[in-house]
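Reviewing the structure listed below.
Just so it is clear, none of the values below were taken in a lab; they were calculated from the coordinates. Here the structure is a predicted model, which is why all the values come from computation and not from measurement. Cβ sites come from the backbone with ideal geometry, for glycine too, and all protein chains shown count toward neighbours.
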Amino acid sequence: MPRVKIAAGNWKMNGLAGSVSELDALIAGAAGGAEVVICPPATLIAAFAARARDSRVAIGGQDCHAAASGAHTGDLSAEMLADAGASHVIVGHSERRADHGESDAAVRAKAEAAWRAGLVAIICVGETESSRDAGDTLGVVGRQLRGSVPGGATAANTVIAYEPVWAIGTGRTPTLAEIAEVHDFMRADLASRFGTGAADGFRLLYGGSVKPTNAAEIFAVGNVDGGLVGGASLKAGDFLPIVAAAS
């Protein structure tokens, strides 16, 4: 079966209560066959989920703790995200790996926590500029895939996002050939673990300076099943053309 593309927006630490107007515009304008997911700050998840109920837009979290509850000040469990109305959660984003020292093992535990709560885990992988310059892109991505994606991953509970760290928020993007190389590698790596049939079902997203002007050509690359979009997802006027490109 053809894989349905996903346009996912990671708002990072952006958005206040008034940002619901952008969600309303996105709900009103989203059309086509792509899945649409918005991951706002945790403070907005419940309000956004209520607003998006019965629409084409799903709401996700940007991170979760591996435990269901406990003495973890400032953290949120996957169960809390689900209770607030989220259906997805991003885990292992490069900013979490860099700023909070998250290991592949920690990311794997968070993905399993997402499943425990009934959420879809969007697992992020990607190399730094120094790793790319050293010719180790596939080595890094392969290690992160094997370390971060649990053995219980399926096309129904897991989405994988490739985000080259050096392209996030910089305006720089890999060439289409470079994106294809990594996505083809990820598909083959997943096939080696889960079998070709199962691996063919996983959605593989590209993230890193995706914009309305380049989304269509990126999403046309083989084994690219949509995008995880940062800054361009904050305004409906910017994100809607990306949604259309994925449809």
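Compute the distance from the alpha-carbon center of the stretch 71-104 to that of the stretch 146-175, in whole Å.
15 Å
Within the stretch 104-121, list the residues whose amide N lies under 11 Å from a label point set 7 Å along Cα→Cβ of Arg143.
Of the residues in the stretch 104-121, 104 have backbone N under 11 Å from the label point off Arg143.
Given Cα pairs under 8 Å that are at least 6 residues apart, what percent is the relative contact order of the chain?
22 percent
By DSSP, what percent of the beta bridges with both residues in the chain are antiparallel, rounded to the nearest 5?
Antiparallel: roughly 0 percent of the beta bridges in the chain.
GNM, the chain, Cα, under 10 Å: largest mean-square fluctuation among Gly226, Gly85, Gly29?
Comparing Gly226, Gly85, Gly29 in the GNM, the peak value goes to Gly29.
Within the stretch 203-247, what residues put their amide N at less than 20 Å from the label point 7 Å along the Cα-to-Cβ vector of Thr43?
231, 233-236
Among His100, Ala114, Gly226, flag the residue with its Cα farthest along the positive direction of the charge dipole of the stretch 6-246, charges on Cβ as +1 for Lys/Arg and -1 for Asp/Glu.
Farthest towards the positive pole: Ala114.
What dipole magnitude, in Debye to the nearest 20, does the stretch 6-246 give about its Cα centre under +1 on Lys/Arg Cβ and -1 on Asp/Glu Cβ?
300 debye
Mind checking which of Ala188, Val91, Ala47 is farthest towards the positive end of the chain's charge dipole, using Cβ charges of +1 (Lys, Arg) and -1 (Asp, Glu) about the Cα centre?
Ala47
Order by neighbour count: Thr173, Thr196, fewest other Cβ atoms within 10 Å first, most last.
So the ranking, lowest neighbour count to highest, is Thr196, Thr173.
Rounded to the nearest 0.05, what FRET efficiency is calculated for Thr170 and Ser192 with R0 set to 25 Å and r the Cβ-Cβ distance?
0.20
Find the percent of Cα-Cα distances in the stretch 6-246 that exceed 25 Å, and round it to a whole number.
36 percent
Can you tell me the equivalent ellipsoid semi-axes for the stretch 1-88? Use √(5λ) from the Cα gyration tensor, largest first, whole Å.
After scaling each eigenvalue by five and taking roots: 24, 16, 10 Å.
Taking only C-alpha pairs under 8 Å that are 6+ residues apart, what is the relative contact order of the stretch 78-200 in percent?
24 percent
Going Cα to Cα from Lys211, which lysines come in below 27 Å? Please leave out same-chain ones fewer than 8 positions away.
Qualifying lysines at Cα under 27 Å: Lys5, Lys12, Lys235.
Under the rule that an exposed site lies in a DSSP loop and has at most 12 other Cβ atoms within 10 Å, name the longest stretch of the chain with no trypsin sites (Lys or Arg not before Pro) of that kind, not counting the sites themselves.
Counting only loop sites that pass the neighbour cut-off, the longest clear stretch is 54-171.
Once you place label points 7 Å from the Cα toward the Cβ at Glu129 and Lys211, how far apart are they in nm?
Here the modelled spin labels are 1.7 nm apart.
Describe numerically, in nm with one decimal, the distance between label points set 7 Å from Cα along Cα→Cβ at Asn14 and at His100.
Taking the simple label geometry, Asn14 and His100 are separated by 2.0 nm.
What value in Å³ per residue do you get for the convex hull of the alpha-carbon atoms in the stretch 96-147?
Convex hull volume per residue, Cα atoms: 73 Å³.
Rounded to a whole number, what is D in µm²/s for the stretch 113-247 from Stokes-Einstein with the Kirkwood radius over alpha-carbon pairs (20 °C, 1.002 mPa s)?
141 µm²/s
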